[in-house]
């Protein structure tokens, strides 16, 4: 007997959203008993990948919507909602944005409560349980509290995904290594200090499996929390080695960015308003930070699970490098 399931993903333009959609489609192909329909919400549906929009509408539909605008959110026909809280760098206060967007999602979920929504899968972050000292991750702390902290969100099952750092987030290390200085400036210090780093492929695989997992019976402990780490934790030295291997280079230097220079480091790429939030998030991860004790693979109980990813660091770095090459080719093509 086949099972029909409709999944809403928002914002679908995020890396986690896009890759989870890809993983969902792959899993549905392997399971003929699952009839999957994906409703992907974009601010601009024309930005949806062609590989998705070429699918039949009953399998994938790109819908215009904005988590900042409640009137555009409709979960009435959804069985599962997968929400990835998006940061904003347009000058909006992070805490105000977190409250606005989370309350919009909560209202939309409750408006659909008489319908089919059975499960909320909420994308969060490692360390988001801490109320203070986590910088930009307060977006996730506030969102988690509003959507899973009480009984007033009328969804039976809630799953909170807390991955480590995306390997893809270290693309700037690759770009710097490919640049004229042939070096990497690492905020992850000391250089031999290891933190959880995981590929988006492993993150998306876990998210997709949780989304498609059969709905749990009443009485289940909810929310459930799932941490996602890589095969092991990695240091800046490990990242340096993986990048050197992926590029087949032996001349790349590795330079530490000490905590007192983090503001200058992030100030080169971020609006001034958000620099301190990134400094605080980074120092929270480093030795002595509030998140430094959150990295155990054995931190499990009845409602806390740790998933160990399978993708090796060097393999994930190669994928990031290939993505950078495609972007560069696209820029050259556009210029011509």
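The values are calculated or read from the model by the stated rules, or taken from the named source; none is laboratory data. A quick note: this is a predicted structure, and the numbers were derived from the prediction, not measured. Please note: Cβ atoms are built from the backbone with ideal geometry, for glycine as well, and neighbour counts cover all protein chains shown.
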Unmet criterion (only one of (1) over 18 Å from residue 222 (Cα atoms); (2) over 17 Å from the mean Cα position of the chain (by Cα); (3) outside any loop (DSSP other than H, G, I, E, B); (4) in contact (Cβ under 8 Å) with a residue 12 or more places away in the chain) for residue 137: (2)
Verdict on residue 176 being in a helix (DSSP H, G or I) and closer than 21 Å to residue 211 by Cβ: no
Members of the stretch 299-323 found to be within 17 Å of residue 225 (Cβ to Cβ) and in contact with a strand residue (DSSP E or B) (Cβ under 7 Å, 6 or more places away or on another chain), listed by number: 299, 300, 303, 304, 305, 306, 307, 308, 309
Residue within the stretch 138-153 that is touching a helix residue (DSSP H, G or I) at 6+ places or on another chain (Cβ under 9 Å) and closer than 18 Å to residue 234 by Cα present: no
Matching residues in the stretch 234-256 - criterion: being touching a strand residue (DSSP E or B) at 6+ places or on another chain (Cβ under 8 Å) and surrounded by fewer than 18 Cβ atoms within 10 Å (Cβ to Cβ): 237, 253, 255, 256
Count - residues of the stretch 52-69 that are surrounded by fewer than 18 Cβ atoms within 10 Å (Cβ to Cβ), in contact (Cβ under 8 Å) with a residue 12 or more places away in the chain and in contact with a helix residue (DSSP H, G or I) (Cβ under 9 Å, 6 or more places away or on another chain): 6
Flag if residue 190 is more than 23 Å from residue 259 (Cβ to Cβ) and in a loop (DSSP other than H, G, I, E, B): no
Residues satisfying the stated conditions in the stretch 179-188, i.e. buried (at least 17 other Cβ atoms within 10 Å of the Cβ) and more than 23 Å from the chain's Cα centre (by Cα): 184, 185
Listing of strands (runs of 3 or more DSSP E) fully contained in the stretch 220-336 that carry 1 or more residues being modelled with pLDDT of 95 or more and within 30 Å of residue 154 (Cα to Cα): 224-229, 304-308
Among (1) in a helix (DSSP H, G or I); (2) modelled with pLDDT of 95 or more; (3) closer than 16 Å to residue 282 by Cα, the one test that residue 169 misses: (2)
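Can you spot a residue in the stretch 212-222 that is closer than 21 Å to residue 175 by Cβ and surrounded by fewer than 24 Cβ atoms within 10 Å (Cβ to Cβ)? If you could, list the steps in order and put the result at the bottom.
If we filter the stretch 212-222 for residues that are closer than 21 Å to residue 175 by Cβ, which is where we start, we get none.
Within the stretch 212-222, none of the residues are closer than 21 Å to residue 175 by Cβ and surrounded by fewer than 24 Cβ atoms within 10 Å (Cβ to Cβ).
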